[in-house]
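Only one structure is covered here, and it is reproduced in the block below.
Derivation of every value follows stated rules applied to the coordinates shown; laboratory data play no part. Because the structure is a prediction, the values reported are computed rather than measured. Quick reminder, even Gly has a Cβ in these numbers, built from the backbone with ideal geometry, and neighbours come from all protein chains shown.
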Amino acid sequence: MAAYGLYTHIQSNRRRSIFLLIGLFFLVYLMTFAGALAGEALFADAPLDRLLRAAWRDLLVAAPWVTIGTVIWIVIAYHFHQAMIDAITGGREVTRAEQPRLYNLLENLCISRGIPMPKLKVMDSEALNAFATGLNEKQYSITVTSGLLRALDDAELEAVLAHELTHIRNGDVRMLVIAVIMAGVISFFAELFFRVFFRTGGRISRSAASGNRKGGGAAILIAVALIALAWLLSIVVRFALSRSREFLADAGAVELTKNPDAMIMALRKIEGRGELEGATSAVMEMCVDNPRSGFADLFATHPSIEQRVEALVKFAGGRDPGPLNLPTPQSDSPPPQTLSAEHSSAPEADSPSLPSPGPWGPRPPT
């Protein structure tokens, strides 16, 4: 079955995106209830059951405003998430005139399948990586690093572009952006709560002390636990996205290019060299390879390069050259042809009618 545009995977990603948005509102309401419970415990001396009922009433009153605020956050992220990512990574949009090689490779891939051409961006970094972003066809863009452009040949670079195109087509990019927005909302409110929580430490201590006969101390502990739970769930949801999307994107790249060896070589060159300095974990989750691993690999967003190469060898018939050692950018030297041409120009200027040795033997007189 073709991996590119796999129908079941696309439908699954659409359902997951809807569930993520529903989960976002649920976690925001949970945190609102926790904040209301902590506020009631700080400013009211009452048993725990009364504090819980009061916090529930506060939630019902605040729910419309919380919903409006969350929707505004989503709208802002929908329209400006790409600008935020570009501000973090320094990516800039390029045209065919600026990057003809890169532009033509992507355009040919899009034409071959009738896919709308996403925006093309380049970020100045020696890291070898690329990522796709966007929530709809007008927003989709693919960003590659300048180091990747120098390290990969045309076939390998085409495979990486095809990998990112598959992510766009399969809906992986949209789902991941929604998950990042969700985690951002929860992290913002959780940090805000804990800042207020620790700034009012004296009052909290007195309330906790009175909790022996009233419910203030227990209510505060419950509120803190709920906030921590919501924060943890937002992180788990973001990191627990199906890692099979990377295997499917690799397979989609092979289907588009008909060249499994190019995809394998690209992965081997990127292996261990994809760390984007200054990039957040959310950006790294969108990349071809994320060298940052989660706790005990439980929340790792990407399979290892070794696993992905093994899958390409097994199912696509590719050949694995093993880990590669690439020269550092500082040690790169000009091609031998350039040096020979420079040395051969001086004698030719002194005696243009005499034959002078070229890089492949004697040169006939002009």
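General observations
- Dipole of the range 92-141 computed with +1 at Lys/Arg Cβ and -1 at Asp/Glu Cβ about the Cα centre; of 135, 97, 123, farthest Cα towards the positive end is 135.
- The range 1-118, relative contact order in percent, only Cα pairs under 8 angstrom and at least six apart counted: 17 percent
- Backbone HN-Hα couplings from phi across the range 16-24 [Karplus 6.51/-1.76/1.60, Hz, Gly and Pro as x]: 5, 4, 5, 5, 5, 5, 4, x, 4
- Taken over the range 106-164, the percentage of Cα pairs per 10 Å bin, counting from 0 up to the bin with the maximum distance, is 23, 54, 22, 0.
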